[in-house]
Amino acid sequence: MINVLIAEDMPALLRKYKRELDKESDIHVVAAVQSGYEAVMQSALLHPDIVLMDIEMETRTAGLEASTQILNQLPGVKIVILTVYEDDESVFKAFQLGVSDYVLKNSDHNELVACIRDAYFGRSPIRPVIAEKIRREFQRVKTSEQSLLYYLQIVSQLTPAELDILTLLHKGYSRQAICDLRCIVPSTVKTHIHNVLRKFNMDTAAEVIGQLDALHIFEYLTHRDDGHTDEPPRA
């Protein structure tokens with residue numbers, strides 16, 4: 001007998017899943033709850049074999065948070081995620097947590113039951129659609145890492161003066177304020193900015209700053225001590 005706990009915040013769907021599973025002689029619904037909190041509590045009390053877990057309940061990520069707690073406390077429990085649509089980010093995050101599988105809420109009776117049985121017997125397959133999601137996620141991460149390395153390499157090629165001016169611009173200092181702070185003329189600041197734009201192959205300093213901010217590169221530069229205590233006027 002496969003003991004199943006259902007967590008779904010919509011009463012009509014909760015009744016539907018229970019009614020469908022009650023038709024199977026080898027499946028027993030031990031509890032039907034409507035929140036991630038209840039799912040955690042009832043799982044701790046009842047030790048189900050399978051938890052059929054909705055992602056969005058009292059919060060948008062309640063199911064994922066509940067899954068984390070259940071898997072940490074009861075590693076023998078298998079979790080099958082219920083979702084309205086195959087959102088790559090949510091599905092991949094669920095698999096990262098250690099769930100066994102996911103099933104769409106509009107799946108037919110046979111698919112729902114097969115998914116539960118597969119999870120119970122440890123034969124949940126990496127279906128082509130899941131494999132594609134995983135491939136896309138790894139590609140996204142790889143692209144992000146390559147982008148970070150690319151821009152870090154350019155940053156490493158900046159002269160100390162160019163990096164200093166770029167950092168001050170990021171902090172919100174105007175060009176005139178930079179001139180006052182560094183005791184340089186506007187043409188020198190203009191030349192350094194021009195060289196920075198050429199190295200990054202971008203049109204504006206704001207574009208460069210936005211890209212470096214998105215990659216958190218300025219977090220490595222904010223500890224840079226400019227040796228001055230006076231704050232220049234901001235733009």
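General observations
- Given their separation in residues at 0.36 nm each and the Cα-Cα distance between them, Ser107 and Arg15 gain 31.6 nm when the chain is fully extended.
- Solvent exposure, largest accessible area first (probe 1.4 Å, DNA, RNA and ligands not counted), of Tyr151, Tyr102, Tyr85, Tyr120: Tyr85, Tyr120, Tyr151, Tyr102
- Rounded to the nearest 10 Å², the accessible area of Met10 at probe 1.4 Å: 100
- Rounded to 0.05, the FRET efficiency of the Arg198 and Glu89 pair, given R0 = 45 Å and the Cβ-Cβ distance, is 0.80.
- Using heavy atoms of the protein chains and a probe of 1.4 Å, the accessible area assigned to His47 is about 110 Å².
- Among the listed pairs Lys93/Lys171; Lys18/Lys78; Lys93/Lys199, a Cα-Cα separation exceeding 26 Å is found for Lys93/Lys171; Lys93/Lys199.
- Taking all protein chains as they are arranged and a probe of 1.4 Å, the heavy atoms of Thr68 leave approximately 50 Å² accessible to solvent.
The values are calculated or read from the model by the stated rules, or taken from the named source; none is laboratory data. Note that the structure is predicted; figures quoted are calculated from it, not measured. Positions of Cβ are backbone-derived with ideal geometry, glycine not excepted, and every protein chain shown enters the neighbour counts. What goes into the accessible areas is simple: the full protein's heavy atoms, side chains included, and nothing from ligands, DNA or RNA. Shrake-Rupley method; radii C 1.70, N 1.55, O 1.52, S 1.80 Å.
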